[in-house]
Amino acid sequence: VGFAICAIILGASSSIARYYWLNQEEAEKRTPPPTIPLVDGIRLQATNFTVHLPSQGRVQARAVTSINPEVSGRIISIEPDFKEGGFFKPGQKLL
């Protein structure tokens, strides 16, 4: 008896589903509206500006030079331009 009831319910639901499947209305075909990009644009002009970045830390030199004498002796005078962080030209007198 239980098998017959299941078969009847299954057959009836299959018939109803087939009826709706075969008699469904054709969907209206339409093309989607064109998409317009929402972008604003401006022409840029080159300018100079200074960026201020407050920070903390240590500054370290990229290159460090050690001056070692080739002979023994004592330094008796130093050029006034010879100072920490200074720049020198080739052949310039330092000591």
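Report the dimensions of the range 9-49 along its three principal axes from the alpha-carbon atoms, largest first, rounded to Å.
Sorted from largest, the Cα extents of the range 9-49 read 81, 23, 7 Å.
Please determine, in degrees from 0 to 90 and to the nearest 10, the orientation of helix 2-22 with respect to the longest principal axis defined by the Cα atoms of the chain, where the helix direction is its Cα long axis.
Tilt of helix 2-22: around 70 degrees.
If N is the number of residues in the chain, what value comes out of its Cα radius of gyration divided by 2.2 N^0.38 Å?
Values: Rg = 44.9 Å, N = 95, 2.2 N^0.38 = 12.4 Å.
Its radius of gyration relative to the 2.2 N^0.38 Å reference: 3.62.
Quick note: the coordinates plus some simple rules give every number you see, no bench work behind them. Please read these numbers as outputs of a predicted model, since none were measured by experiment.
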